[in-house]
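The values are calculated or read from the model by the stated rules, or taken from the named source; none is laboratory data. Every value quoted in this text rests on a predicted model; they were computed, and no experiment measured them. Quick reminder, even Gly has a Cβ in these numbers, built from the backbone with ideal geometry, and neighbours come from all protein chains shown.
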Amino acid sequence: MKKIFFITLTLLGFTSCLRLDDNLFNPAGVKITEYKLDNYTGDLDFRLDVSYQIPDSLIHIFPLSSQAADESNATKIYAIYIGNIDSISRDTVMMYCHGNRDHMDFYWERAKLLANTKTKNRFGIMMIDYRGYGLSEGKPTESGLYADVDAALKWLKIKGLTNDRLIMYGFSLGSAPATKLCAGNYSLNPSKLLLEAPFASAEVMVQDASGLAMPGTFFTDLEINNAEEIKKVQQPFFWIHGEVDDFINIDTHGAIVYSHYNGVYKEAHRIPNAGHGTIPETLGFGNYLDAVADFITLH
């Protein structure tokens, strides 16, 4: 009994140092000096063929100023817009909130894929690197995460985008700001919400990772709770999750988020044999884009 108690104390002391904040926010270890996009040679979940290529004239990389309500100074973050900036006031735009690893080079293939929804460049695509990611300055925080995405919405609003033409898409970690900004009062109120592999809450992430029945606050100060925030969302909701996701479990995370939604319309896509980052490829790029397009255009 004493041996078990000692092992437990040792485990608790070790895991308390490995805070979920550091695991949930996981920018690349080496800072980059530029975005390489199609020339990126790092690991990717998948790579598209040349038919998905975006003309250079429609790729725009630029800084934004982000400031959370609890901050006295702004932070410079970086954004990519795929599309014609001059026509944002007439276009429909998808705000893509990426996952927890690396930076926008890693997610470029995903953004490029979404830019081919329905027909090439029918929808504008907005993507940012959260603070601490890629070229974005600062350190990742929960309040900063929401402020960074809202900074992109402010920019889109200045360019003439209206609520009815904004679509929010969140992947993995990005499900937190995507859900929060659909549920709350921010610069724009998205018309639709799409979540890919969303996590239920920081608390459940802790329980899944540790295997210990302990409060999540022991490991993290994060209060992210998509399973509760989704209850406030009224916009049509599209949920897609891989059935063999070994990072964010479909049953303890994604299915819970889906079941807690009580808005006007929802649809679920459980993808057999798909892992955390492989849904588009496993489903087939064409089938994936068809599902996204059908939701956006019909609901």
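Tabulated data
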{"read-out": "Failed item, numbered, when N39 is tested on (1) polar (S, T, N, Q); (2) touching a Lys or Arg at 6+ places or on another chain (Cβ under 8 Å); (3) surrounded by fewer than 14 Cβ atoms within 10 Å (Cβ to Cβ)", "value": "(2)"}
{"read-out": "Residue pairs meeting the criteria (Cβ under 6 Å; at least 6 apart or on separate chains; first on the phi > 0 side of the Ramachandran plot, in the range 146-175; second surrounded by 21 or more Cβ atoms within 10 Å (Cβ to Cβ))", "value": "G160/I88; S172/G99; S172/A197"}
{"read-out": "Looking only at the range 250-269, and only at residues there that are touching a Phe, Trp or Tyr at 6+ places or on another chain (Cβ under 9 Å) and not in a helix (DSSP H, G or I), the one that is farthest from L188 (Cα to Cα)", "value": "H269"}
{"read-out": "Boolean, I240 is surrounded by 19 or more Cβ atoms within 10 Å (Cβ to Cβ) and either basic (K, R) or in a loop (DSSP other than H, G, I, E, B) (or both)", "value": "no"}
{"read-out": "Flag if G160 is in contact with a Ser or Thr (Cβ under 7 Å, 6 or more places away or on another chain) and assigned to a loop (DSSP other than H, G, I, E, B)", "value": "yes"}
{"read-out": "Sole residue being of a type in the set (A, V, I, L, M, F, W, C), surrounded by fewer than 20 Cβ atoms within 10 Å (Cβ to Cβ) and either modelled with pLDDT of 95 or more or not in a strand (DSSP E or B) (or both), chosen from M205, M214", "value": "M214"}
{"read-out": "Residues of the range 64-85 satisfying the condition of being exposed (fewer than 15 other Cβ atoms within 10 Å of the Cβ) and free of Cβ contacts under 8 Å to residues at least 40 places away in the same chain", "value": "S72, N73"}
{"read-out": "Test result for E229, of a type in the set (D, E), more than 19 Å from D294 (Cα to Cα), in contact (Cβ under 8 Å) with a residue 40 or more places away in the chain and not in a loop (DSSP other than H, G, I, E, B)", "value": "yes"}
{"read-out": "Failed criterion for A274 (all others in (1) outside any loop (DSSP other than H, G, I, E, B); (2) surrounded by 17 or more Cβ atoms within 10 Å (Cβ to Cβ); (3) of a type outside the set (V, I, T) hold)", "value": "(1)"}
{"read-out": "So G144, is it in contact with an Asp or Glu (Cβ under 9 Å, 6 or more places away or on another chain), over 28 Å from T282 (Cα atoms), crowded, with 20+ Cβ neighbours inside 10 Å and modelled with pLDDT under 95", "value": "yes"}
{"read-out": "Test: residue in the range 19-33 that is under 30 Å from S201 (Cα atoms) and at pLDDT below 50", "value": "yes"}
{"read-out": "Hey, M168 at pLDDT 95 or above, crowded, with 24+ Cβ neighbours inside 10 Å, within 10 Å of the chain's Cα centre (by Cα) and assigned to a strand (DSSP E or B) or not", "value": "yes"}
{"read-out": "Selection status of D246, closer than 16 Å to L193 by Cα, surrounded by fewer than 19 Cβ atoms within 10 Å (Cβ to Cβ) and acidic (D, E)", "value": "no"}
{"read-out": "Evaluation of I88 against (1) within 21 Å of L173 (Cβ to Cβ); (2) of a type outside the set (S, T, N, Q); (3) surrounded by 17 or more Cβ atoms within 10 Å (Cβ to Cβ) (one fails), failing number", "value": "(1)"}
{"read-out": "Any hit, the range 165-183, residues being charged (D, E, K, R) and within 17 Å of S89 (Cα to Cα)", "value": "yes"}
{"read-out": "Residue, farthest from G277 (Cα to Cα), within the range 41-58, restricted to residues that are part of a loop (DSSP other than H, G, I, E, B) and of a type in the set (V, I, T)", "value": "I54"}
{"read-out": "Test: residue in the range 67-74 that is within 18 Å of the chain's Cα centre (by Cα), hydrophobic (A, V, I, L, M, F, W, C) and closer than 16 Å to A152 by Cα", "value": "no"}
{"read-out": "Test: residue in the range 278-298 that is over 24 Å from Y52 (Cα atoms) and touching a strand residue (DSSP E or B) at 6+ places or on another chain (Cβ under 8 Å)", "value": "no"}
